[in-house]
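> Below you will find the structure I want to go over with you.
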Amino acid sequence: MKKMGRLWVFFTILAFLIFGFGCATTTVEKQEGAAPETGAAVKAPATVEKKAEAVEAEKKAAEAAEAEKKAAEAAEAEKKAAEAAGEKKAPAKEVKVVTPQIRALESIHFDFDKYNIRPPDREILNRHAEWLKNNKDVKITIEGHCDERGTVEYNLALGERRANEAKKYLISLGVEADRIKTVSYGKERPIDPQHNEEAWAKNRRAEFVIESQP
């Protein structure tokens, strides 16, 4: 009986030890098995963050493509509007201009104390008349001038006769009288202030000033 009692105690202790070892092993396995789960929990936020960045980048690319498309459409619409406006624009009105050779009408000159038109000056007036007839909106003023010799009153009268003689000649060639005015400056406006025959010859003249043109 004593032997049996000892065996029972031995087996009881052995069973207790085996049971205790099994519980300890299970606890260790659970603790070791928790590590991967913990690691996965640490890694999860990084993966989610990358996915969020990818989604955001894709969204921005789509927005950029949409903006580029709208800009291209706006440019095309502006181009079409400009073309349509160009087609509807009225043609510019034709403007007559003074021809280069007549832009400053050439003066004619007179002999001393004379107002008759000399043959070379008739050729100049012929060209003036032709141009005036081709540019009917142009009006002119003929200025009569004299050299410094003689009184102021005498030269004013002589300058007026010179201007009127040039006007009559242009009218005889077909230029309308109401397009021509005359004025005399006598000896007040010499173009050469020297006191010699060469200067006086330059100053005995009639000048043609364009007052209006299209």
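The values are calculated or read from the model by the stated rules, or taken from the named source; none is laboratory data. What you are looking at is a predicted structure, and each value in this text was computed from that prediction instead of being measured. Every residue, glycine among them, receives a Cβ derived from its backbone with ideal geometry; neighbour counts consider all protein chains shown.
> Taking the condition charged (D, E, K, R) and either at pLDDT 70 or above or in a helix (DSSP H, G or I) (or both), does Glu94 pass? So that I can check it myself, show each step before the final result.
Values: charged (D, E, K, R): yes; either at pLDDT 70 or above or in a helix (DSSP H, G or I) (or both): no.
So Glu94 does not fit the description; no.
> Just to be sure before I move on: is Thr141 of a type in the set (S, T, N, Q), within 44 Å of the chain's Cα centre (by Cα) and either assigned to a helix (DSSP H, G or I) or under 20 Å from Ala104 (Cα atoms) (or both) in the structure I sent? Walk me through it before giving the result.
On the way: of a type in the set (S, T, N, Q): yes; within 44 Å of the chain's Cα centre (by Cα): yes; either assigned to a helix (DSSP H, G or I) or under 20 Å from Ala104 (Cα atoms) (or both): yes.
For Thr141, the condition - of a type in the set (S, T, N, Q), within 44 Å of the chain's Cα centre (by Cα) and either assigned to a helix (DSSP H, G or I) or under 20 Å from Ala104 (Cα atoms) (or both) - is met.
> Here's a follow-up. So in the range 198-212, with the set limited to residues that are of a type in the set (A, V, I, L, M) and over 16 Å from Glu160 (Cβ atoms), which one is nearest to the chain's Cα centre (by Cα)? Even if it seems obvious, please write down each step before you answer.
Filtering the range 198-212 for residues of a type in the set (A, V, I, L, M) gives 199, 201, 206, 209-210.
Narrowing further to those that are over 16 Å from Glu160 (Cβ atoms): 199, 201, 210.
Values: Ala199: 51, Ala201: 52, Ile210: 34 Å.
Per the criteria, the residue is Ile210.
> Tally the residues that are free of Cβ contacts under 8 Å to residues at least 60 places away in the same chain and under 20 Å from Asn155 (Cβ atoms), restricting the search to the range 170-202.
Start the filter on the range 170-202 by keeping residues that are free of Cβ contacts under 8 Å to residues at least 60 places away in the same chain, which leaves 170-199.
Cutting the leftovers down to under 20 Å from Asn155 (Cβ atoms) gives us 181-199.
Residues meeting the conditions: 19.
> Additional query: For residues that are without any contact (Cβ under 8 Å) to a residue 12 or more places away in the chain and within 53 Å of the chain's Cα centre (by Cα), tally how many sit in the range 102-118.
2
> What number of residues within the range 170-208 are assigned to a loop (DSSP other than H, G, I, E, B) and of a type in the set (Asp, Glu)? Step through it out loud before you land on a result.
Narrowing the range 170-208 to residues assigned to a loop (DSSP other than H, G, I, E, B): 173-176, 187-196, 204.
Keeping just the survivors that are of a type in the set (Asp, Glu) gives 176, 188, 192.
Summing the residues that are assigned to a loop (DSSP other than H, G, I, E, B) and of a type in the set (Asp, Glu) in the range 170-208 gives 3.
> Would you confirm whether any residue within the range 161-176 is modelled with pLDDT under 95, basic (Lys, Arg) and surrounded by fewer than 17 Cβ atoms within 10 Å (Cβ to Cβ)?
Looking for residues that are modelled with pLDDT under 95, basic (Lys, Arg) and surrounded by fewer than 17 Cβ atoms within 10 Å (Cβ to Cβ), one finds none in the range 161-176, hence no.
> Scanning for something within 24 Å of Gln194 (Cβ to Cβ), surrounded by fewer than 10 Cβ atoms within 10 Å (Cβ to Cβ), modelled with pLDDT of 90 or more and not aromatic (Phe, Trp, Tyr), does the range 114-133 turn up at least one residue?
Yes.
> Taking the range 177-198 as the region of interest, how many residues are among the aliphatic types (A, V, I, L, M) and buried (at least 16 other Cβ atoms within 10 Å of the Cβ)? Lay out the reasoning, then the answer.
First pass over the range 177-198, keeping only residues among the aliphatic types (A, V, I, L, M): 177, 180, 183, 191.
Retained after the next criterion (residues that are buried (at least 16 other Cβ atoms within 10 Å of the Cβ)): 180.
Number of matching residues: 1.
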